[in-house]
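Beneath this line is the structure, given in structure tokens, with notes to follow.
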Ligand code: UD1
Ligand code: MG
């Protein structure tokens, strides 16, 4: 952006300052009562820490360091190739940030501190922190107004103490605050953006003479003020910065995330006829004019093209659905599935690792696993691909415009040619040529008059007994 004289505006320049992010995740998460590190618990099917890393990356952080606790190899492995540092003892948030500083060797710019257990923060909100960094503002705090209590109990966040000019004077931790300070409405989310050139010095000056005996990161506010700098507060919504410390809070964060996803799907042109009953994973991609009926679950890895209709009680995971297809009700699409344009997948149909061609139909009671179905083919009710023999998985390949009669079993590996017919109830074990009819079932024989004779014999017997 430029002003009338063609100069780059200051706000633009400040948002271009290089950015590094430090993600705090050393907490044991005792209250989760879990074998998993807390930040590895998922929201929308994605580990909390990954939400945070994605936000930092989309904000343009050129370096990201994660602070982990001892014995968190799973977490270290998950975030790789991003670097991790181990904070051996949990001595407070300032100590955790201090542990990460050596890993930012050679970086100069702004440093953003994020929490691995505050997963819903959005890159757009963090961008406001970057925009607030200006000449004379050495530190920006992300604040919010929290409700008096939450799933974890009463509001025990740190309180933001503002000076007469509306800028921040200091942060007082709840345990250290007096009654008046505890009544202050503005709270600390924990997220902050600092001038990287000064951060190391502030951290070195933080002491632990407080209620918890910890090194509080929040103390750097007062230190910045002592150095004559102003500290800005950017206010955001509590929903976005709610922390997760227990399973109950995980559920609250999941609910918030789900409502974010529903809102953004609708904003992008998707109809959700009953939004609260549609379940999203973090990476779902839905096209324009997609219609989703009540009670649909999107597992991870789902992409849906424009104009697709997904009817109630369908479950999709690892699947791509192309333009104009109709899914459900009661359909299950499992990983590796690709449903072509205008194709139909109806009730009680399960597809796994299967490609259903353009305009093909599998409308009732069918299992297609490890199969390729050509364009325009019709798969009759009750068709089963027998893809597994207890050891290996085998493919069924069906050509274009083929017709598979109801209740057929296709024993893989097997090929059905283009335009071929399979008679109902066949068990197909051999390839079927193009345009052939395959029938593989017991031949029918009719015995004329047998039923009438049978009834007459039985009636005679009953009469004799009586
Ligand atoms: C912190 C803030 C408080 C804020 C609140 C928001 C401080 C001193 N206080 O308090 O003002 O309202 O967050 O949720 O910063 N961690 C480490 N190593 C440590 C200590 C913490 O990695 O030694 C990590 C934790 O895993 C967690 C985060 O830092 O992700 C916050 O730590 P926590 O102990 O929950 O801080 P709070 O007391 O909640
Ligand atoms: Mg906390």
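Distance between the C-alpha centres of the stretch 196-224 and the stretch 244-288: 38 Å, rounded to the whole angstrom. Based on Cα contacts under 8 Å between residues 6+ apart, the stretch 10-247 shows a relative contact order of 25 percent.
Of all DSSP beta bridges in the chain, what percent run antiparallel (nearest 5)? Of the beta bridges lying entirely in the chain, close to 20 percent run antiparallel.
The DSSP beta bridges internal to the stretch 10-247 are antiparallel in roughly 45% of cases.
Beta-bridge orientation, the stretch 352-466: approximately 5 percent antiparallel, per DSSP, counting only bridges with both partners inside. Does the stretch 10-247 classify as rounded, prolate or oblate by the C-alpha gyration tensor (a ≥ b ≥ c root eigenvalues; a/c under 1.5 gives rounded; else a/b over b/c gives prolate, otherwise oblate)? Here the stretch 10-247 falls in the rounded category.
Label the stretch 361-407 by shape, choosing from rounded, prolate and oblate, from the square roots a ≥ b ≥ c of the eigenvalues of the Cα gyration tensor; if a/c is under 1.5 it is rounded, and otherwise prolate applies when a/b is larger than b/c, oblate when it is not. In terms of gyration-tensor shape, oblate. Taking the square roots of 5 times each eigenvalue of the Cα gyration tensor of the chain, largest first, gives ellipsoid semi-axes of 63, 24, 20 Å.
Between rounded, prolate and oblate, where does the stretch 272-367 land on the alpha carbon gyration tensor, with a ≥ b ≥ c its root eigenvalues, rounded for a/c under 1.5, else prolate if a/b exceeds b/c? It comes out rounded by the Cα gyration axes. Among 93, 372, a tally of other beta-carbon atoms within 10 Å of each Cβ gives an order, fewest to most, of 372, 93.
For the chain, relative contact order (Cα pairs under 8 Å, six or more residues apart, normalised by length) works out to 8 percent.
Listed by Cβ neighbour count within 10 Å, with the fewest neighbours leading, 237, 445, 314 appear as 445, 237, 314. Per residue, the Cα convex hull of the stretch 270-438 amounts to 80 Å³.
Each residue in 458, 48 was given a count of other beta-carbon atoms within 10 angstrom of its own, and listing them fewest first yields 458, 48. Find how many whole Å separate the alpha carbon centroid of the stretch 388-452 from the alpha carbon centroid of the stretch 137-186. Each part's Cα centre sits 71 Å from the other's.
Read-outs: derived from the displayed coordinates by stated rules, not from any lab. Keep in mind the model is a prediction, meaning the values are calculated, not measured. All Cβ positions, glycine included, derive from the backbone under ideal geometry; neighbour counts span all protein chains shown.
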